[in-house]
Amino acid sequence: MEVPKVMNGLTITFTDRDAPANMLIAASYKGTLEYGAGSNDPSQEENFTVTIKAQEDGKVEISLDDFGSGAMGFTGVVIPNIEVSEKSGEYVLAGEIDATSGGTTKITGSLEGTVKDGKANIVFTMKPGAMPVNIIATFTM
């Protein structure tokens, strides 16, 4: 895989081993999202898309498809500044969630996950607004 970088007409080509980790995992991933709060039965979204975008600082921004409804409804969620590290071909994601849903409801929490062999597996622990319990959303491929 080659990742081109253009600056003032100069093209720099990275190979997989030379490219920053955040660029190597930048892609859209389609899988299943299972989510719920407390002891409620979990809900599930099939063909759910999580998009990972490389930031200039070596971190990634993670965008989620809209999901759920009511108090458990999330729209336009973009989570910036997630750390990426690599170990033996597995990319580890970790960071704090500081985002909004629908542009107004603050979401806090954390996420952790991995990307390996083109497959992403991520757990989002989210607390929207003043909701008293966390919503746990698990994305798997």
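The residues of the chain expose, per residue, 57 Å² of accessible area to a 1.4 Å probe. In this simple spin-label model, placing a label point 7 Å from the Cα along the Cα-to-Cβ direction at both residue 34 and residue 85 gives a separation of 2.8 nm.
Restriction of the trypsin sites (Lys or Arg not before Pro) in the range 14-99 to DSSP coil positions whose beta-carbon has at most 10 other beta-carbons within 10 angstrom yields 17. By accessible area, using a 1.4 Å probe on protein heavy atoms only, the range 20-133 has 46% of its surface on carbon and sulfur.
Summarised as an ellipsoid, the range 67-141 has semi-axes of 25, 12, 10 Å, derived from the eigenvalues of the Cα gyration tensor scaled by 5 and square-rooted, with the largest first.
So if we plug the beta-carbon distance of residue 133 and residue 55 into 1/(1 + (r/R0)^6) with R0 = 22 Å, what FRET efficiency do we get, rounded to 0.05? Walk me through the intermediate numbers first.
On the way: r = 30 Å, r/R0 = 1.39.
Step by step, r from the Cβ atoms, then E = 0.10.
Amide H to amide H distances under 5 Å link residue 55 with 60, 61, where only residues 5 or more positions off or on other chains count and H is placed in the peptide plane. Could you pull out the GluC sites (Glu not before Pro) across the range 51-141 that fall in loop regions by DSSP (anything but H, G, I, E, B) with no more than 14 other Cβ atoms inside 10 Å? Hits after loop and neighbour filter: 56. Taking 0.36 nm per residue of sequence separation and removing the Cα-Cα distance, the residue 117/residue 100 pair yields an extension gain of 3.1 nm. Across the range 20-70, Cα pairs under 8 Å and at least six residues apart give a relative contact order of 35 percent.
Could you give the alpha-carbon Rg of the chain over 2.2 N^0.38 Å, rounded to two decimals? Before the final figure, lay out each step's value.
Working: Rg = 16.2 Å, N = 141, 2.2 N^0.38 = 14.4 Å.
Computed over Cα atoms of the chain, the ratio equals 1.12.
The values are calculated or read from the model by the stated rules, or taken from the named source; none is laboratory data. Small disclaimer: the values here were computed from a predicted structure and weren't measured. Glycine gets a Cβ as well: all are built from the backbone with ideal geometry, and neighbour counts include every protein chain shown. Remember, those area values only see protein heavy atoms, side chains included, never the ligands or the DNA or RNA. Shrake-Rupley method; radii C 1.70, N 1.55, O 1.52, S 1.80 Å.
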